[in-house]
């Protein structure tokens, strides 16, 4: 398991962040998903080899839930 | 205020002016007034309506954009034009204020933590290049001029200066550095010019670690945050369902449809959760920022929350409550001056590598003329005999005095006592002991003032020394002569003594404390600047060696929790009151807007108070 941190942009409100967070928590290959609205960061843990696949799943859910939101690696 | 906010503000102002005009000038044909309202509505709310339409297709009906759109369009339908525009207008004012406040607090926390260096002056090919700290490699030489931040951790190879470490430690007294001293990134170079050899990459340097820590803190959410987001999850659907029922059932049994639809629309306005939710993470964020300002890094909102219910504080002794350095504390000379006694003792011990000899040399502080010392004889377990400047000097413990039949006076001090005899006459005693930090007294007092029920000291040191420290500090309990595993079992035992919501805080210097740090509710590592292991193991890191900082953090935590509770209770009760009043037909849509936007603004203002705590200590 490796910890990853991404910048998450265009989140409108805390509640949207919370809802997106619970949607992302349903992805099976990542753990300890957390979105900080205050620092605009997305945190998650996953196995190093699963990273690309995890990102794809995350982006898919973001597109569905909050289409304006983009994530960037820091 | 950024571009996006400015644009929003202009839209709000234009819409507001249109509403005023329409309010003041009554056209003969009401239609013109209504057209003005509709134009104002479109200007201020078009983005919300667009988002709402997009969300319908996704089935997200509890989304606030959707709820606001339904509430306002509903109001238009029952010909409540001013209300419809006002709801949208105030909703946008609330949104704008919210993003302004969040942005502002982000910036002020960032400035509290203003330690990120912008550049480094690095020597490359005999010239100084200004580069991003990220691009400097280990082993390269950097130049730091007065007034600049030290960009990377390293060792001074030329120059000396006073460093301002306030941003890192909250400590206002500058620290002197000179050749071969280690320097940490984030400190500000006050006066001299320093050449520094870089020992860590930027990503691994103190500055990056600290910034990372504070940033990651908001990922560990507090119970209050989880409570409020759970509350929001149920609150909105319930209110929306009641709103639908209000619009349907009473008209079926014959009540006025328009009247009940109005009440139902008020419900929709109050149903938005965001106003309720925003102030809580904002408060914690501010609290963590305020703590870092005084040199305390809290690694999660959950720990900040827990600190407020601290019941038991467990401290390590050496290095935590005491300075951890053995120094000459007291000299009692008989027939000589204190200085002369110290001189003879130091000379006699000068060939020894014993810690006692080191303490003596440090206190004596002058050059030792080794030619004056002859015939040094170490008597194992007792002390030293030497000929110093023609005088026979005995330095050691009581056994040594007895062995040489010296008539000595037994000292009542606690610590390591050195007896000195000169030419077979007792000449006095020197007390070498660890000293209690001045700050510890303040810390213990502050703990007690903040409802800490029990303060316990656990130490591996001897019983009599530990008792002395515990008595002087008026601790509730102490346990001495403990092995590391004994400390673990004591903490286990103490964990059972607190009440169900109470928390146990362990404070240590972070060395060999890992099991205890993990076991306690909140593990605090002290003076941990530069010690990676301690920063890793602890939940809270104090950058200086002052235990009172933990008491200050408890104060910050309590203040944060007070504000969090005020906000939760205030927001929920206003919402419920307005819901009840709207259902009864007493409250208008105007009060519904207040319950949504007004409450959110007040809660945010309340939360921002936490940042004001920064100069309180």
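Tell me which of these residue B:284 doesn't satisfy, since it passes every other one: (1) modelled with pLDDT under 90; (2) at the interface with chain A (Cβ under 9 Å from one of its Cβ atoms).
With respect to (1) modelled with pLDDT under 90; (2) at the interface with chain A (Cβ under 9 Å from one of its Cβ atoms), residue B:284 is out only on (1).
Is it true that some residue in segment B:251-268 is part of a helix (DSSP H, G or I), facing another protein chain (nearest Cβ under 9 Å) and under 18 Å from residue B:600 (Cβ atoms)?
Checked against the condition, which is being part of a helix (DSSP H, G or I), facing another protein chain (nearest Cβ under 9 Å) and under 18 Å from residue B:600 (Cβ atoms), segment B:251-268 yields no hits at all.
Might you check whether a residue that is surrounded by fewer than 16 Cβ atoms within 10 Å (Cβ to Cβ), in a helix (DSSP H, G or I) and within 11 Å of another protein chain (Cβ to nearest Cβ) occurs anywhere in segment A:37-60?
No, that holds for no residue.
Check B:203, B:186 and return the single one that is outside any strand (DSSP E or B), within 22 Å of the chain's Cα centre (by Cα) and within 18 Å of residue B:544 (Cβ to Cβ).
B:186
Out of the residues in segment B:299-311 meeting the condition of being away from every other protein chain (no Cβ under 14 Å) and in contact with a helix residue (DSSP H, G or I) (Cβ under 9 Å, 6 or more places away or on another chain), tell me which one is surrounded by the fewest Cβ atoms within 10 Å (Cβ to Cβ).
So, considering only residues that are away from every other protein chain (no Cβ under 14 Å) and in contact with a helix residue (DSSP H, G or I) (Cβ under 9 Å, 6 or more places away or on another chain), the one surrounded by the fewest Cβ atoms within 10 Å (Cβ to Cβ) is B:309.
For residues that are within 11 Å of chain A (Cβ to nearest Cβ), part of a loop (DSSP other than H, G, I, E, B) and modelled with pLDDT of 85 or more, tally how many sit in segment B:47-79.
0
Of the conditions (1) more than 11 Å from chain B (Cβ to nearest Cβ); (2) touching a helix residue (DSSP H, G or I) at 6+ places or on another chain (Cβ under 6 Å); (3) in a strand (DSSP E or B), residue A:27 satisfies every one except a single condition; which number is it?
(3)
Of the numbered conditions (1) in contact (Cβ under 8 Å) with a residue 60 or more places away in the chain; (2) part of a helix (DSSP H, G or I); (3) more than 30 Å from residue B:297 (Cβ to Cβ), residue B:555 fails exactly one; give the number of that condition.
Failing condition for residue B:555: (3).
Go through B:221, B:230, B:293 for me and flag whichever is within 14 Å of chain A (Cβ to nearest Cβ), under 30 Å from residue B:106 (Cβ atoms) and in contact (Cβ under 8 Å) with a residue 60 or more places away in the chain.
Exactly one of B:221, B:230, B:293 is within 14 Å of chain A (Cβ to nearest Cβ), under 30 Å from residue B:106 (Cβ atoms) and in contact (Cβ under 8 Å) with a residue 60 or more places away in the chain, namely B:221.
Just to check your reading of the model, which residue among B:115, B:138 is outside any strand (DSSP E or B), within 23 Å of residue B:287 (Cα to Cα) and away from every other protein chain (no Cβ under 14 Å)?
That would be B:115, the only listed residue that is outside any strand (DSSP E or B), within 23 Å of residue B:287 (Cα to Cα) and away from every other protein chain (no Cβ under 14 Å).
What tally of residues in segment A:61-74 results from selecting those that are more than 11 Å from chain B (Cβ to nearest Cβ) and either without any contact (Cβ under 8 Å) to a residue 60 or more places away in the chain or in contact with a helix residue (DSSP H, G or I) (Cβ under 6 Å, 6 or more places away or on another chain) (or both)?
Number of matching residues: 3.
Quick check on my filter: what residues within segment B:475-487 are surrounded by fewer than 17 Cβ atoms within 10 Å (Cβ to Cβ) and under 27 Å from the mean Cα position of the chain (by Cα)?
Answer for segment B:475-487, where residues must be surrounded by fewer than 17 Cβ atoms within 10 Å (Cβ to Cβ) and under 27 Å from the mean Cα position of the chain (by Cα): just B:476.
Mind telling me which of the residues B:141, B:188, B:115 ends up being over 30 Å from residue B:304 (Cα atoms), in contact (Cβ under 8 Å) with a residue 40 or more places away in the chain and outside the structural domain of residue B:536 (by TED's automatic domain parsing)?
Step by step, each of B:141, B:188, B:115 is checked, and only B:141 is over 30 Å from residue B:304 (Cα atoms), in contact (Cβ under 8 Å) with a residue 40 or more places away in the chain and outside the structural domain of residue B:536 (by TED's automatic domain parsing).
Does residue B:270 satisfy the criteria of being crowded, with 24+ Cβ neighbours inside 10 Å, within 43 Å of the chain's Cα centre (by Cα) and within 30 Å of residue B:588 (Cβ to Cβ)?
yes
Taking the stated definitions as given, is residue B:216 within 14 Å of chain A (Cβ to nearest Cβ), modelled with pLDDT under 85 and surrounded by fewer than 21 Cβ atoms within 10 Å (Cβ to Cβ)?
Spelling it out, residue B:216 is indeed within 14 Å of chain A (Cβ to nearest Cβ), modelled with pLDDT under 85 and surrounded by fewer than 21 Cβ atoms within 10 Å (Cβ to Cβ).
Quick one: residue B:88 ticks every box in (1) at pLDDT 85 or above; (2) touching a helix residue (DSSP H, G or I) at 6+ places or on another chain (Cβ under 8 Å); (3) more than 30 Å from residue B:600 (Cα to Cα) except a single one, so which number is it?
Just one mismatch for residue B:88, condition (3).
Go through B:100, B:91 for me and flag whichever is under 15 Å from residue B:592 (Cβ atoms), within 14 Å of chain A (Cβ to nearest Cβ) and assigned to a helix (DSSP H, G or I).
One residue alone meets the criteria, B:91.
Mind counting the residues in segment B:359-388 that are surrounded by 13 or more Cβ atoms within 10 Å (Cβ to Cβ) and in contact with a strand residue (DSSP E or B) (Cβ under 9 Å, 6 or more places away or on another chain)?
17
Any residue in segment B:240-248 that is buried (at least 24 other Cβ atoms within 10 Å of the Cβ) and away from every other protein chain (no Cβ under 14 Å)?
The answer is yes, given that some residue of segment B:240-248 is buried (at least 24 other Cβ atoms within 10 Å of the Cβ) and away from every other protein chain (no Cβ under 14 Å).
Can you go through B:163, B:168 and tell me which one is surrounded by 18 or more Cβ atoms within 10 Å (Cβ to Cβ), under 23 Å from the mean Cα position of the chain (by Cα) and modelled with pLDDT of 85 or more?
B:163
Looking at B:314, B:340, which is the one that is away from every other protein chain (no Cβ under 14 Å), farther than 30 Å from residue B:229 by Cα and not in a helix (DSSP H, G or I)?
Just one listed residue meets the conditions, B:314.
The values are calculated or read from the model by the stated rules, or taken from the named source; none is laboratory data. Values in this document were obtained by computation on a predicted structure and should not be read as measured data. Virtual Cβ from ideal backbone geometry, glycine too; neighbours counted across all protein chains shown.
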